[in-house]
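These notes are about the structure you will find just below.
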Amino acid sequence: MNQVKPPGRRLLAPALGGVGLLAGMLLIAEGGRRLSSDPPAATSAQAAGDLKLAPHAPALDMRPGQPARKIAEDLIAPPPLDPSGIERVEPRPPLGELGLAPPPKTPMPQDWRETLLFRPVAISSTVFEAMGRTVAISGTVDIGPDRTCSFDNSTWPCGQRARAAFNAWLRGRALKCLLPPDADRFAIAAPCTFGKQDVGAWLVSNGWATAAPTGIYGKAEAVARGARMGIFGPSQ
């Protein structure tokens, strides 16, 4: 036989649930008010104080896979130098004059001008073509492409090797040569430089050309012969 519950007990459970819900909402509101109050500002001020102290804190070695270690301050920033202990000296002179471009000893005609020639291509050991002009390096004697050289009873095509060496040195460069205004009409012997380097001095001192009897590269040829460079040495 079913029993009928009293009306007061059936109304008590919903009332208690409503009271619990209201209490939870009050707790949430109180917590939010506390989070938005003054303590975060104090935390920010404390963080700012930590940032000010950071430069004075010891540096740490934070490399991956390595334990954190303190790094000595003298390794991070060396101590300032005493200006009284610094001695200024004159720049060292060049090791030799072979690699520098000496001024021409023979006066050149007034209408000759320094001309920059791009993309030069060697056709022999001392002759190249560039921008429609054919230029032979003055003061040098060319090693023909068909010439062969002997060293220790061994013969090798030194003329082809000399042209290849000159071509490799010219690749990607621009030479400045002293040329007449109508140099594009005929081949001409002229002094040329690459920066401060004399092209003729480079060729002769490396053994890829010989010095003309009346030229200025006699000393350079003597150096090449003594060192067995280029055509004066073994097959290359």
> Say each of Ala174 and Ser235 gets a label point 7 Å from the Cα, pointing the same way as Cα to Cβ; how far apart are those two points in nm?
Replying inline: 4.1 nm
>> Neighbour counts of other C-beta atoms within 10 Å: give me Cys149, Cys192 arranged from fewest to most.
In response: Cys149, Cys192
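Tell me the chymotrypsin sites (Phe, Trp or Tyr not before Pro) within segment 156-236 that lie in a loop according to DSSP and have at most 16 other beta-carbon atoms within 10 Å. List each step's numbers first, then the result.
Working: sites: Phe166, Trp169, Phe186, Phe194, Trp202, Trp208, Tyr217, Phe232; in loops: Phe186, Trp208, Tyr217.
Loop-located and lightly packed - Phe186.
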>> I want to check the label-to-label distance for Phe186 and Asp82. Put each point 7 Å from Cα in the C-beta direction and report it in nm to one decimal.
In response: 7.2 nm
>> Taking 0.36 nm per residue of sequence separation and subtracting the Cα-Cα distance, how much length would be gained by fully extending the chain between Ile28 and Thr134, in nm to one decimal?
In response: 28.7 nm
>> At 7 Å along Cα-to-Cβ for each site, give me the label-to-label distance between Thr155 and Arg228 in nm.
In response: 2.1 nm
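How much net charge surrounds Ala162 when only other residues with a Cβ under 12 Å from its Cβ are counted (Lys, Arg +1; Asp, Glu -1)? Mind showing how you got there, number by number?
Working: positive: Arg147, Arg161, Arg163; negative: Asp142, Asp146.
Value of the local net charge: +1.
What is the sum of charges, Lys and Arg at +1 and Asp and Glu at -1, for the other residues whose Cβ falls under 10 Å from the Cβ of Arg119?
Numbers: positive: Arg171, Arg173; negative: Glu129.
Computed value for this residue: +1.
Read-outs throughout are calculated quantities, based only on the coordinates presented, and are distinct from any laboratory measurement. What you see is a predicted model, and the numbers here were worked out from it, not measured in a lab. Cβ: placed from backbone, ideal geometry, glycine included. Neighbour counts: every protein chain shown.
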